[in-house]
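Asks: Structure in structure tokens, see below.
The values are calculated or read from the model by the stated rules, or taken from the named source; none is laboratory data. On a predicted model such as this, the values are computed, not experimentally measured, just so you know. Methodologically, a virtual Cβ is constructed for each residue, glycine included, from the backbone with ideal geometry; neighbour enumeration extends over all protein chains shown. All accessible areas refer to the heavy atoms of the entire protein, side chains included, with ligands and DNA or RNA removed. Shrake-Rupley method; radii C 1.70, N 1.55, O 1.52, S 1.80 Å.
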Amino acid sequence: MSVTVIISDGPLGPLASDTHQHGAGAVLCFEGVVREVEGQGRIAALDYQTYEPMAQRMLSAIAQDLIARHRLIAVHVEHSRGRVPVAQRSFRLVIAAPHRKEALLATDEFIDRLKRDVPIWKHAIWREGFEPPEPTAAA
């Protein structure tokens, strides 16, 4: 069982290596791409900030937990830090499992836990001329 965690500057390039893993009947690759619309406006990019030592540890811990619970063979995760323009990749998760069901469940759970628990934050870089609305106070 192997875990790879990479946090790198800027957009992610293409997947660097063959994703085949011995014993895998399913290899699932999910890539997060920066979309042009964020909330009510158009953006030029997202800027990702991370508390890297903790983010590395937490991504690895999530991967190890999912390997144990879903009997995965391997988890490879990459996340960007810094600026990532629209239409570029900012996140990649590759999961190898004996069967598709485990890979699909683990992918969904990994992403939910990443968004909830890992100290990586995004900030929208708005297109020129757009001013996002001011947040309203909660009642």
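Asks: What is the Cα coordinate range of the chain on the first, second and third principal axes, sorted by size from largest, in whole angstrom?
Replies: Principal-axis extents of the chain (Cα, largest first): 53, 37, 28 Å.
Asks: At 37 °C and a viscosity of 0.692 mPa s, what translational diffusion coefficient does Stokes-Einstein give for the stretch 8-62, taking Rh as the Kirkwood radius over Cα pairs? Give it in µm²/s as a whole number.
Replies: Numbers: Rh = 14.8 Å.
In µm²/s, the coefficient rounds to 221.
Asks: What accessible area per residue, rounded to a whole number of Å², is obtained for the chain using a probe radius of 1.4 Å? Walk me through the intermediate numbers first.
Replies: Details: 8350 Å² over 139 residues.
With all protein chains present, the chain gives 60 Å² per residue.
Asks: What number, rounded to the nearest 500 deg cm²/dmol, is the helix-based mean residue ellipticity at 222 nm of the chain, given -39500 (n - 2.57) per DSSP H run of at least four residues and division by all its residues? The partial results should precede the final answer.
Replies: Working: 2 runs with 37 residues, N = 139.
The helix-only estimate for the chain comes to -9000 deg cm²/dmol at 222 nm.
Asks: Could you work out what % of the accessible surface of the chain is carbon and sulfur, using a 1.4 angstrom probe and leaving DNA, RNA and ligands out of the count? Could the numbers behind the result be given before it?
Replies: Working: 4370 of 8350 Å².
Here carbon and sulfur together make up 52 percent of the probe-accessible area.
Asks: Tell me the net charge near residue 36. Cut-off is 10 Å between Cβ atoms, residue 36 excluded, with +1 for each Lys or Arg and -1 for each Asp or Glu.
Replies: Numbers: positive: 35, 42, 127; negative: 38.
Residues close to residue 36 contribute a combined charge of +2.
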